[in-house]
Structures are given as C-alpha cells and as structure tokens.
Amino acid sequence: MKDKLIEMVDISKSFDGTRVLDEIDLYIRENEFVTLLGPSGCGKTTMLRILGGFEKPDTGKVLFDGKDITDLPANKRQLNTVFQRYTLFPHMTVEENIAFGLKIRKKTRTYIDDKIKYALKLVNLDGYEKRYPDSLSGGQQQRIAIARAIVNEPKVLLLDEPLSALDLKLRQDMQYELMRLKEELGITFVYVTHDQVEALTMSDTVVVMNQGYIQQIGTPEHIYNEPENAFVADFIGDSNLFGGIMIEDKLVSINDQRFVCVDTGFGNNKPVDVVIRPEDVELVPPGEGVVDGIVTSLIFKGVHYEMDVDACGLEWLVHSTKGFEEGTRVGLKIDPFNIQIMNKPEYDDEKMIVEE
C-alpha cells in the first residue's frame with residue numbers, strides 16, 4: 001500500500017456563520033488520483049483551497065509527508081493548483097506564462113528553456129511557445145495552465161473543475177490526457193468536480209460530499225455498486241431508489257411486493273432504503289419476472305433505450321439495449337445480487353437529495 005502523503009485531520013470551516021466543512025478526516029496516498037465529488041456548495045472547493053494554502057481551517061490541521069503545513073503559505077507548499085478559470089496572462093506568450101513561476105524562483109535561462117520544452121511536449125503543444133493565450137482554444141489554454149503548474153515539479157497537483165468550460169468531446173479528450181499525465185509524471189492528483197461521469201472515469205478514489213460532510217469514500221466501482229446511503233445512490237448515476245421493509249434476511253418488501261435479495265443483518269420488519277440500478281432491471285414477457293408492469297415512456301439514448309415502467313404502484317427507470325413501445329405489458333426480472341439494501345439515514349444531511 002502506498003504511503004499517506006496528505007492527511008486532513010478534524011478540518012472544519014465556516015463562512016459568515018455558515019459551516020461549510022464539518023470535522024473532515026481524509027488521507028490521500030502518494031501517486032493517487034483522488035476526486036472530491038458533490039453538488040455545488042458541498043464544501044469540495046473549500047477543501048481544495050485549504051489543501052492549497054488559500055484558506056485556513058477554523059479547526060484541525062493539514063499534514064504533508066507527516067509535517068504540519070496548516071499555517072504554511074501557498075507558495076511554500078509542494079502543491080500547485082489549476083483553477084476553473086485558467087488565469088493565463090493575456091499579455092504574455094505561452095512560454096512566458098509557463099516560465100513565470102520559474103523566474104520568480106530565479107531559475108537559470110537554460111533550466112527554464114528546458115522545462116518549457118519538456119512541459120509543452122508533455123501536454124502535446126510543442127511549437128506553441130510564441131503564441132498568445134487568446135489565439136488558443138479552450139482545451140489548449142487548459143493544457144498551458146497544466147504545463148505552467150507541472151514545470152514547478154509539485155508533488156501534488158490540485159485541479160478545481162478545470163474542464164467545466166469545455167464542450168463534451170473536448171472534455172472527454174482532456175480527461176484521458178489528465179489520466180495519461182498522472183501516470184507519466186507519477187504525482188498525486190486531487191481533482192474537484194460535480195460531474196459524476198468524470199469522477200468515475202478518471203479516479204482511483206472518489207470522495208462523495210454533501211453539506212460539508214464526507215458521505216462515502218471508495219473506488220469508482222465500489223461507490224457505484226455499493227452506495228452507503230440514499231444521497232450517494234441518487235447522486236452517482238441513475239437509480240431506482242425506493243423505501244422498503246426488510247422482512248427478514250434476504251427478503252425485502254417494496255410497496256407490498258416481496259423481492260429476494262442477498263443482504264443480511266438489517267433485522268426483521270425494519271424500514272430500509274432500496275437501490276436498484278436501471279441497467280439491472282431486465283424486461284421479460286409478463287409473468288416471467290418478479291412483478292409485471294406497463295411501459296409508460298421510451299427514449300432512445302444512443303447506447304441504450306431509457307424506459308419508464310409503472311409496476312407495483314411505482315415508476316421504475318429501466319436501461320436496455322432493446323426498446324419496448326409505450327403501453328407494452330412487461331415483466332421485471334431482477335437478480336437478487338443487484339438489489340442494494342441500505343439503512344435509513346439518521347441525519348438530515350444524508351436525506352437531502354440534490355439534482356444537478
């Protein structure tokens with residue numbers, strides 16, 4: 001297991017009397033791609049700014065390589081930040097933008113020239129040295145901002161929603177570029193986004209946040225397949241999220257319809273939340289599934305059809321490579337392993353479902 005590079009211990013932060021981070025504990029390993037994911041206002045950017053030294057926590061401390069850096073100014077930390085707005089200097093050429101930090105550190109001209117060539121080659125923009133930012137596309141400007149950060153040889157690169165201003169195709173291209181850069185540079189990435197697909201695509205570890213709390217930490221696969229509460233289940237991808245009653249081990253009732261599952265240890269006749277992903281609902285002929293229903297809408301999404309099905313008094317979302325016309329009677333077949341049971345939330349911040 002890789003060593004812990006960063007530790008945030010008992011971090012809390014308030015602005016104008018409103019607490020935006022509440023006793024956060026998080027560690028990040030060396031050479032890990034960690035994404036802070038959550039809706040607007042959940043505290044993820046504040047966490048990044050505290051890591052970068054642009055904000056100080058009200059309580060708690062930040063450790064870097066075992067040393068307390070809570071009070072260390074941003075320019076003294078072995079971290080560089082790429083912001084949502086690229087903040088390139090418009091009056092400077094590409095090479096002057098990249099060289100800016102190195103000149104402040106009084107590096108030699110030869111050293112700076114070598115670093116510029118290395119960085120531009122790394123971001124696939126060699127030959128752009130004499131161009132000005134306003135002559136570059138959004139994706140190219142983003143790459144220059146990254147090049148400017150990496151020439152300083154940070155141990156950690158902090159990225160605050162850096163791709164949000166790009167169109168879909170360019171954003172997808174840049175996601176793969178960042179993943180390649182992370183592997184080539186061998187440094188730690190801490191990435192902030194509200195885009196669930198982006199987080200699942202790029203990350204080694206996803207930290208899901210809401211209302212200043214960490215809701216769940218895990219690999220993209222674990223976060224998607226094993227959400228710990230209703231907020232995570234609803235925020236990460238599409239879900240059928242229903243209230244249910246755990247009748248006994250391996251048997252749950254949803255709106256008085258019994259479903260066999262594999263979960264145990266919730267007790268008997270206990271209220272629970274039930275999550276079933278839309279791709280895990282198979283549409284079969286009536287009578288061959290757990291319950292029958294009627295297709296109420298059909299949308300073609302390119303890689304699959306998206307359907308709403310009215311079954312057992314509830315609306316089910318179904319993703320399938322085969323489409324069924326509105327009004328078609330179908331059966332819903334669900335593998336017990338694809339029924340995820342969760343305890344009802346104890347706190348209001350877990351109950352809040354935010355739609356982006």
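Descriptive notes on the structure:
- Spin-label model distance (nm) - residue 172 vs residue 71, 7 Å beyond Cα toward Cβ: 5.0
- Farthest toward positive dipole pole in segment 154-208 [+1 Lys/Arg, -1 Asp/Glu at C-beta], among 156, 207, 191: 156
- Summing Cβ point charges (Lys, Arg +1; Asp, Glu -1) relative to the Cα centre of segment 267-315 gives a dipole of roughly 140 debye.
- Coil-residue trypsin sites (Lys or Arg not before Pro) of segment 287-348, DSSP, other Cβ within 10 Å capped at 11: 301, 322
- For residue 344, the lysines whose Cα comes closer than 22 Å to its Cα, not counting residues fewer than 8 places off in the same chain, are 250, 270.
- Helices that extend 15 Å or more along their long axis by alpha-carbon positions and average at least 0.0 on the Kyte-Doolittle scale are, among the DSSP H runs of the chain, 94-104.
- Given a 1.4 Å probe and the protein chains as shown, residue 245 ends up with an accessible area of around 70 Å².
- Rounded to the nearest 20 debye, the dipole magnitude of segment 282-341 is 140 debye, with +1 charges on Lys and Arg beta carbons, -1 on Asp and Glu beta carbons, and the Cα centre as origin.
- GNM result for the chain, Cα springs below 10 Å: residue of 277, 143, 258 fluctuating most strongly: 258
- Where both bridge residues fall in the chain, DSSP classifies roughly 75% of the beta bridges as antiparallel.
- Distance between segment 80-145 and segment 203-277 - C-alpha centres, whole angstrom: 45
- Rounded percent of accessible protein surface that carbon and sulfur make up, the chain, 1.4 Å probe: 47
- Between the residues 60, 271, 293, the greatest Cα displacement towards the positive end of the dipole of the chain, with unit charges on the Cβ of Lys, Arg, Asp and Glu, is found for 60.
The values are calculated or read from the model by the stated rules, or taken from the named source; none is laboratory data. These numbers were taken from a predicted model, which means no experiment stands behind them. No Cβ is skipped: glycine too gets one built from the backbone with ideal geometry, and neighbour counts run over all protein chains shown. What goes into the accessible areas is simple: the full protein's heavy atoms, side chains included, and nothing from ligands, DNA or RNA. Shrake-Rupley method; radii C 1.70, N 1.55, O 1.52, S 1.80 Å.
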